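Peer 1: Got a structure for you, questions after.
The values are calculated or read from the model by the stated rules, or taken from the named source; none is laboratory data. Being a predicted model, the structure only gives us computed values, none of them experimental. Neighbour counts run over all protein chains shown; Cβ positions are idealised from the backbone, glycine included. The area values use the complete protein model at the heavy-atom level, side chains included, leaving out ligands, DNA and RNA. Shrake-Rupley method; radii C 1.70, N 1.55, O 1.52, S 1.80 Å.
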Amino acid sequence: MQRDLKRRIANIKGVAQESIFLGNGSDEAIDLMYRIFCRPGVDNAVAIEPTYGMYGVCADINDVEYRRVLMDDDFQPNADKILAAIDSNTKLVFFCSPNNPSANNIDRKVIDRVLDSFDGIVIVDEAYIDFAGVPSYLRQLDSRPNLIVLQTFSKAWGMAGIRLGMAFAQPEIIGIMNKVKYPYNVNLLTQQRAMEEVMQYDRVQGWVESILKERTRLMAEFAKLDCCIKVYPSDANFFLARVKDAATTYNYLVDCGIIVRNRSKIALCGNSLRVTIGTVVENNALLDALRAFNN
Ligand SMILES: *Cc1c(COP(=O)(O)O)cnc(C)c1O
């Protein structure tokens, strides 16, 4: 039950210990949502599109229909479209805010309306909340029995390798998650490593600040590149950019020893690359490489 670690996290996040689930990455919590709330071959889940791929992967693995509701060109969902996709077998609605891969905060009015009018589970994945500059949905936990908020140690905390994710909900839901998870899902070494880090939580704030500063600089410089058509606004530690030719640009960067993600095959992301904000040295290497790239 990871009680020592949960006590610390409860302090940092301002939630009750009984409202915290810890998993082997937040990916474990996503899989548990299907296993707990959905009947295979019968129920369905609704999600914004494009978004984080694991919601769809876990739906497929659990034989649950996955309904994608395409967002507008500015990567904002439409509440009417989401509500229209919901039927009596819909058990889960997934939001990701800031959204991966578009990097923007999702309109709270849309999330709130779905929370108000749908009596199934609404998941708000806040993997990138530390960069978002807006309040977390954790503040709504007490008033919303159908809300599950996901956060993780993999992003702002910089500890993707220890595999530690968090789900927050009212104690009734957390109780069920604790019953369904494997008894020893989070190993002791992970708990110890996370404990060391939560004891010096202020370091994370410093990392976030330096990434935000670099984000402003890198996005402004990226927008000036010949290969760039458009840089989309970002509330995360990465940004999405439309370029003239994503495949050629991606392959050129690989040859330079730089890996970005080519998101071209994803809805609304034609010819788009997703670029993570690195260190000053890494960001300069990316800019120098692309300035020398004539395409
Ligand atoms: C990275 C990421 C996760 C998963 O994180 P883990 O805790 O490492 O499993 C979840 N959701 C989104 C949107 C992510 O980008």
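Peer 1: State the Cα centre-to-centre distance between segment 81-141 and segment 242-295 in whole Å.
Peer 2: 29 Å
Peer 1: Still on this structure, please answer the following. How about residue 224: which lysines have a C-alpha closer than 24 Å to its C-alpha, ignoring those fewer than 8 places off in the same chain?
Peer 2: Of all the lysines, those that pass the test against residue 224 - Cα under 24 Å, at least 8 places apart if same chain - are 213, 244.
Peer 1: Quote to one decimal, in nm, the extra length available between residue 265 and residue 280 on full extension: 0.36 nm per residue of separation minus the C-alpha distance between them.
Peer 2: Result: 2.4 nm gained on full extension.
Peer 1: If you don't mind, there's one more thing I want to ask. Applying 1/(1 + (r/R0)^6) with R0 = 30 Å to the Cβ-Cβ distance of residue 76 and residue 200, what FRET efficiency is obtained, to the nearest 0.05?
Peer 2: With a Förster radius of 30 Å, E is 0.25.
Peer 1: In the neighborhood of residue 228, defined by Cβ-to-Cβ distances under 13 Å, what is the net charge if each Lys or Arg adds +1 and each Asp or Glu adds -1?
Peer 2: +2
Peer 1: Also: Quick one: if you stick a label point 7 Å off each Cα along the C-beta vector at residue 42 and residue 244, how many nm between them?
Peer 2: So the two model labels end up 5.6 nm from each other.
Peer 1: Let me ask you something else. Output the Kirkwood hydrodynamic radius of the chain, Cα pairs only, in Å rounded to one decimal.
Peer 2: Computed over Cα pairs of the chain, the Kirkwood hydrodynamic radius comes out at 20.0 Å.
Peer 1: Using a probe radius of 1.4 Å on heavy atoms only, what accessible surface per residue do you get for segment 157-288? Whole Å² is fine.
Peer 2: On a per-residue basis, 52 Å².
Peer 1: Let me ask you something else. Could you state the principal axis extents of the C-alpha atoms in segment 1-142, from the largest down, to the nearest angstrom?
Peer 2: Taking max minus min along each principal axis of the Cα atoms, segment 1-142 gives 42, 34, 26 Å.
Peer 1: Using a/c under 1.5 as the rounded threshold, could you call segment 108-190 rounded, prolate or oblate? The axes a ≥ b ≥ c are square roots of the C-alpha gyration tensor eigenvalues, and prolate needs a/b larger than b/c, oblate otherwise.
Peer 2: oblate
Peer 1: Mind checking the per residue accessible area of segment 1-65 for me, 1.4 Å probe, whole number of Å²?
Peer 2: The answer is 41 Å² per residue.
Peer 1: Subtract the Cα-Cα distance of residue 189 and residue 210 from 0.36 nm times their separation in residues, and report this length gain in nm to one decimal.
Peer 2: Between residue 189 and residue 210, full extension yields an extra 4.7 nm.
Peer 1: Once the whole set of protein chains is in place, how much accessible area is left on residue 222, using a 1.4 Å probe, in Å² to the nearest 10?
Peer 2: 0 Å²
Peer 1: Based on the Cβ-Cβ distance of residue 112 and residue 229, what FRET efficiency does E = 1/(1 + (r/R0)^6) give at R0 = 41 Å, to the nearest 0.05?
Peer 2: Computed FRET efficiency for residue 112 and residue 229: 0.75.
Peer 1: Which value in nm describes the separation of the simple spin-label points at residue 140 and residue 67, placed 7 Å from the Cα toward the beta carbon?
Peer 2: 2.0 nm
Peer 1: Okay, moving on. Which trypsin sites (Lys or Arg not before Pro) from segment 240-295 combine a DSSP loop assignment with at most 14 other Cβ atoms within 10 Å?
Peer 2: Passing both the DSSP loop test and the Cβ count: 244, 265.
Peer 1: Another question, if that's okay. Given a 1.4 Å probe and every protein chain left where it sits, what share in percent of the accessible area of segment 194-295 is carbon and sulfur?
Peer 2: 52 percent
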